[in-house]
Amino acid sequence: MSKVLLISTGGTITMVREQTSGALVPADLETFKAFMPELFAGSIQVDIQAFDPMIDSSDIGPDSWRRMAEMVYDHYEEYDGFVILHGTDTMSYSASALSFMLENLGKPVVFTGSQLPVGVLRSDARENLLTAIEIAAEQDEEGNAVVPEVAIYFEDRLFRANRTTKRNAEHFSAFNSYNYPALAKAGVHITYQPHLIHYSDPNLPLTLHTEFDTRVAVLKLFPGIQPEVVRSLLRTPGLRGVALETFGAGNAPSAEWLYDELKAAVDRGILIVNKTQCNTGSVEMGLYAVSLNLMRAGVLSGYDITTEALLTKMMLLLGEHPDDLERVRALIGTSLCGEVTVD
Ligand code: ASP
């Protein structure tokens, strides 16, 4: 019998409506389990561990990422796969973070949640959770995990976690992976795409990374942005890294003051990575003259990475290699576990 560890952090999937305020709040674990008797009636053994209390994903950050990753790491040998129940709002951040924390992962870690609480008749919770468990338990004839990576299963698609973005607050199809195809599609059968799946070297042991440096920021450019705004962000005391959200293929205003501020920040040892504001496509610095200043200032290309993956990758690399900025800069331009297409 396959064994899956279900780690519940909270999110809408676990929520009930509070009598007084009418707002959705996470239920306790027993209430949640009572809504899902199917969990314990199938051919897969499902054990549950939950955050106590379970929380909305807006309250999740590096401490919770550590707890989730440690739960996987501590029970790695006991289970065939792992499912993490999580609110949809920040799921792409957490799932991206875990993909970098769990180096050489050889078993599935599948995040899922739902847009409607499990107790609501039309809820998407049941299908999402039961299919995620099936995917987490799936093995080939040799007993190897079919999807040995951190993934998000939602509605009918399985995506590489660090390629996802929450795209919809209304539809059941809440996530998309704009720059990488789905790893599997669920209909009557679950159809996997093995040529798209990331396989770690089976001879390397699972290695847990838990050091994050959260002194990072997102700077989103817009037409008319003022020097004072850029200056005050880039001169934030202690700042270590910036995801610079640019136009189109990685373009920025060619104003001299912007170049000066970016160059000065890079010279002060701040890691600045160019990430396009477009969902689909890649940064191509040098394609247009308006991105040449960024290159000259020492801004790195983020290629086609998502903001979620870039921020969590920067936090982890800066945390793990606090005194080796050259190494961090080199690793930003490298795919660690399929998060970026580097040409
Ligand atoms: N606010 C909820 C959360 O992220 C939304 C959801 O789960 O869909 O925890």
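The values are calculated or read from the model by the stated rules, or taken from the named source; none is laboratory data. All of these numbers come straight from a predicted model, not from anything done at the bench. Cβ atoms come from the backbone with ideal geometry, glycine included; neighbour counts cover every protein chain shown. Just the protein is used for accessible areas: all its heavy atoms, side chains included, with ligands, DNA and RNA removed. Shrake-Rupley method; radii C 1.70, N 1.55, O 1.52, S 1.80 Å.
For segment 25-37, does any single residue satisfy the condition of being within 11 Å of the ligand (Cβ to nearest atom), out of contact with any His (no Cβ under 8 Å at 6 or more places or on another chain) and open to solvent by 50 Å² or more (accessible area, probe 1.4 Å)?
No - not one qualifying residue is present in segment 25-37.
Determine which single condition GLU78 fails, assuming it passes every other condition in (1) surrounded by fewer than 24 Cβ atoms within 10 Å (Cβ to Cβ); (2) within 16 Å of the ligand (Cβ to nearest atom).
(2)
Taking segment 238-269 as the region of interest, how many residues are of a type outside the set (S, T, N, Q) and over 21 Å from THR312 (Cα atoms)?
Residues flagged as of a type outside the set (S, T, N, Q) and over 21 Å from THR312 (Cα atoms) within segment 238-269 amount to 17.
Given the conditions (1) part of a loop (DSSP other than H, G, I, E, B); (2) open to solvent by 20 Å² or more (accessible area, probe 1.4 Å), report the number of the one that PRO148 does not fulfil.
Of the numbered conditions (1) part of a loop (DSSP other than H, G, I, E, B); (2) open to solvent by 20 Å² or more (accessible area, probe 1.4 Å), the odd one out for PRO148 is (2).
What number goes with the only condition from (1) of a type outside the set (Phe, Trp, Tyr); (2) more than 15 Å from the ligand (Cβ to nearest atom); (3) open to solvent by less than 30 Å² (accessible area, probe 1.4 Å) that ILE60 does not pass?
Just one mismatch for ILE60, condition (2).
Within segment 155-170, count every residue that is crowded, with 24+ Cβ neighbours inside 10 Å and either under 10 Å from the mean Cα position of the chain (by Cα) or in contact (Cβ under 8 Å) with a residue 60 or more places away in the chain (or both).
Qualifying residue count for the region: 5.
Among the numbered conditions (1) outside any helix (DSSP H, G or I); (2) within 16 Å of the ligand (Cβ to nearest atom); (3) surrounded by fewer than 19 Cβ atoms within 10 Å (Cβ to Cβ); (4) not hydroxyl-bearing (Ser, Thr, Tyr), tell me where ARG67 comes up short.
It is condition (1) that ARG67 fails.
Quick test of your reading of the structure: TYR93 fulfils all but one of (1) away from the ligand (no atom under 15 Å from the Cβ); (2) surrounded by 18 or more Cβ atoms within 10 Å (Cβ to Cβ); (3) assigned to a helix (DSSP H, G or I). Name the failing condition by number.
Going through (1) away from the ligand (no atom under 15 Å from the Cβ); (2) surrounded by 18 or more Cβ atoms within 10 Å (Cβ to Cβ); (3) assigned to a helix (DSSP H, G or I) one by one, TYR93 breaks only (1).
Name the residue that is surrounded by the fewest Cβ atoms within 10 Å (Cβ to Cβ), counting only residues in segment 99-135 that are within 16 Å of the ligand (Cβ to nearest atom) and in a helix (DSSP H, G or I).
Selected residue: ARG126.
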